[in-house]
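Novice: Can you keep this structure in mind? I'll have questions shortly.
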Amino acid sequence: QVQLVESGGGLVQAGGSLRLSCAGSGRTFSDYDMGWFRQPPGKVREFVAAITWRGDRTAYADALKGRFTISKDNAKNTVYLQIDSLKPEDTAVYYCASDRFPRRGIITATEYAYWGQGTQVTVSS
């Protein structure tokens, strides 16, 4: 039902910034809790950030707090991930995902069921 497409990745120098976008389609996109994940080369996919469908609560991986900011614009059917002070270890494919059920308003027990294709972020030293 929910279709997601990530964009905004690319090659950047350490210390720079990127804003990733996840554009959603489907009639109920704005009703879903959303999350960002990333998968570094040769490593398992890991949680980055989450936001409730209303955008009133957020959660972040502890190691990433302060540099990553998740936001959601339901009017534009888009969720964003702002990354500041990029480090080489941020190099990964970044994915957005939505909850399996609409309007749950959670950030800790999300059952991510819909995924985008990912966007590559590469940070040079």
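Novice: Is there any pair with a first residue in region 58-78 that is within 12 Å of ARG19 (Cα to Cα) and a second that is β-branched (Val, Ile, Thr) whose Cβ atoms are under 6 Å apart and which are 6 or more apart or on different chains, and what are they?
Specialist: From region 58-78, the pairs are PHE68/ILE83; ILE70/ILE51; ILE70/THR58.
Novice: Could you run through region 44-91 and say how many residues are open to solvent by 60 Å² or more (accessible area, probe 1.4 Å), closer than 19 Å to GLN117 by Cβ and not acidic (Asp, Glu)?
Specialist: Here the count works out to 3.
Novice: If VAL44 satisfies all but one of (1) part of a loop (DSSP other than H, G, I, E, B); (2) β-branched (Val, Ile, Thr); (3) touching a strand residue (DSSP E or B) at 6+ places or on another chain (Cβ under 7 Å), what's the number of the condition it fails?
Specialist: Every condition holds for VAL44 apart from (3).
Novice: Scan region 8-30 and tell me whether some residue there is touching a helix residue (DSSP H, G or I) at 6+ places or on another chain (Cβ under 9 Å) and on the phi > 0 side of the Ramachandran plot.
Specialist: Scanning region 8-30, I find no residue that is touching a helix residue (DSSP H, G or I) at 6+ places or on another chain (Cβ under 9 Å) and on the phi > 0 side of the Ramachandran plot, so the answer is no.
Novice: Mind checking which residues of region 1-21 are farther than 18 Å from PHE101 by Cα and assigned to a strand (DSSP E or B)? Can you show your working first?
Specialist: Within region 1-21, the first condition is being farther than 18 Å from PHE101 by Cα, and the residues that meet it are 5-21.
Answer for region 1-21, where residues must be farther than 18 Å from PHE101 by Cα and assigned to a strand (DSSP E or B): VAL5, GLU6, SER7, GLY10, LEU11, VAL12, GLN13, LEU18, ARG19, LEU20, SER21.
Novice: Now, a different point. Does VAL2 count as crowded, with 17+ Cβ neighbours inside 10 Å, under 14 Å from TRP115 (Cα atoms) and over 11 Å from the mean Cα position of the chain (by Cα)? Steps first, please.
Specialist: Details: crowded, with 17+ Cβ neighbours inside 10 Å: yes; under 14 Å from TRP115 (Cα atoms): yes; over 11 Å from the mean Cα position of the chain (by Cα): yes.
Spelling it out, VAL2 is indeed crowded, with 17+ Cβ neighbours inside 10 Å, under 14 Å from TRP115 (Cα atoms) and over 11 Å from the mean Cα position of the chain (by Cα).
Novice: Okay, next question. Looking only at region 24-43, filter to residues that are open to solvent by 40 Å² or more (accessible area, probe 1.4 Å) and modelled with pLDDT of 95 or more; which one of those is farthest from the chain's Cα centre (by Cα)?
Specialist: Among residues in region 24-43 that are open to solvent by 40 Å² or more (accessible area, probe 1.4 Å) and modelled with pLDDT of 95 or more, the one farthest from the chain's Cα centre (by Cα) is GLY42.
Novice: Between a residue in region 105-125 that is free of Cβ contacts under 8 Å to residues at least 12 places away in the same chain and any residue that is open to solvent by less than 40 Å² (accessible area, probe 1.4 Å) and among the acidic types (Asp, Glu), which pairs come within a Cβ distance under 6 Å, given they are 6 or more apart or on different chains?
Specialist: From region 105-125, no pairs qualify.
Novice: Please find, among ASP73, ASP99, the residue that is more than 13 Å from VAL5 (Cα to Cα) and out of contact with any Asp or Glu (no Cβ under 7 Å at 6 or more places or on another chain). Reasoning before the result, please.
Specialist: Values: ASP99 fails: out of contact with any Asp or Glu (no Cβ under 7 Å at 6 or more places or on another chain).
Just a single option satisfies the conditions, and that option is ASP73.
Novice: Can you name the residue in region 57-112 that is of a type in the set (A, V, I, L, M, F, W, C) and assigned to a loop (DSSP other than H, G, I, E, B) and, of all such residues, is nearest to GLY26 (Cα to Cα)? Outline the logic, then answer.
Specialist: Within region 57-112, the first condition is being of a type in the set (A, V, I, L, M, F, W, C), and the residues that meet it are 59, 61, 63-64, 68, 70, 75, 79, 81, 83, 86, 92-93, 96-97, 101, 106-107, 109.
Then keep just the ones that are assigned to a loop (DSSP other than H, G, I, E, B); that gives 61, 86, 101, 106-107, 109.
On the way: ALA61: 28, LEU86: 32, PHE101: 14, ILE106: 21, ILE107: 22, ALA109: 23 Å.
Restricting to residues being of a type in the set (A, V, I, L, M, F, W, C) and assigned to a loop (DSSP other than H, G, I, E, B), the top hit is PHE101.
The values are calculated or read from the model by the stated rules, or taken from the named source; none is laboratory data. These numbers were taken from a predicted model, which means no experiment stands behind them. Here the Cβ is made from the backbone with ideal geometry for all residues, glycine too, and neighbour counts use every protein chain on show. Remember, those area values only see protein heavy atoms, side chains included, never the ligands or the DNA or RNA. Shrake-Rupley method; radii C 1.70, N 1.55, O 1.52, S 1.80 Å.
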